[in-house]
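For reference, the structure is listed below as structure tokens.
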Amino acid sequence: MGIFFKNEIMKKLLILFAISLVMLACGTQNHKTESTETQEAVETIDPASLETIEIAVIGMTCGGCERTVQTAVGNLPGVQSVKASHTDSTALVTFDPGQTTFEAMKAAIIDKGYAVEDYAMVEKPQ
Ligand SMILES: [Cu+2]
């Protein structure tokens, strides 16, 4: 019990030491990191309001095409996940309908050189 207790104190001292090192490192770099901190926008998505649609995307021929579509749609606000498939010619998108629309996704996909036919709602798992 006594040894265990000592180890716990050592562990806490080491953690404190590590924390103070990190704080020192941060303190010396503050003037450099401040300009990039604005990127961290807080995006709040209510899981209950999410919808999933399957978009018919024409023209994808490989994994690279899938990634292009996924990135284009994924960059839209409120999009939680995108799974594109060139074999099925689909993109499965889960998103907050309060923040983006099918029309916005369609425009983003067309902008990358693919065609969009239509979309279908995907039932939420209950
Ligand atoms: Cu491709």
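The values are calculated or read from the model by the stated rules, or taken from the named source; none is laboratory data. Note that the structure is a prediction, hence the values are computed from the model and not measured. Cβ atoms come from the backbone with ideal geometry, glycine included; neighbour counts cover every protein chain shown.
I want to confirm something. Restricting to the stretch 101-126 and keeping residues that are in contact with a strand residue (DSSP E or B) (Cβ under 6 Å, 6 or more places away or on another chain) and not hydrophobic (A, V, I, L, M, F, W, C), which single residue is nearest to residue 47 (Cα to Cα)? So the residue we want is 119. Can you confirm whether the stretch 81-93 contains a residue that is over 12 Å from residue 57 (Cα atoms), free of Cβ contacts under 8 Å to residues at least 40 places away in the same chain, in the same structural domain as residue 61 (by TED's automatic domain parsing) and part of a strand (DSSP E or B)? Yes - at least one qualifying residue is present in the stretch 81-93. Among the residues of the stretch 68-82, the one identified as within 16 Å of the ligand (Cβ to nearest atom) and either acidic (Asp, Glu) or surrounded by fewer than 16 Cβ atoms within 10 Å (Cβ to Cβ) (or both) is 71. Restricting attention to the stretch 36-78 and to residues that are among the hydroxyl-bearing types (Ser, Thr, Tyr) and modelled with pLDDT of 95 or more, the residue that is nearest to residue 118 (Cα to Cα) turns out to be 52.
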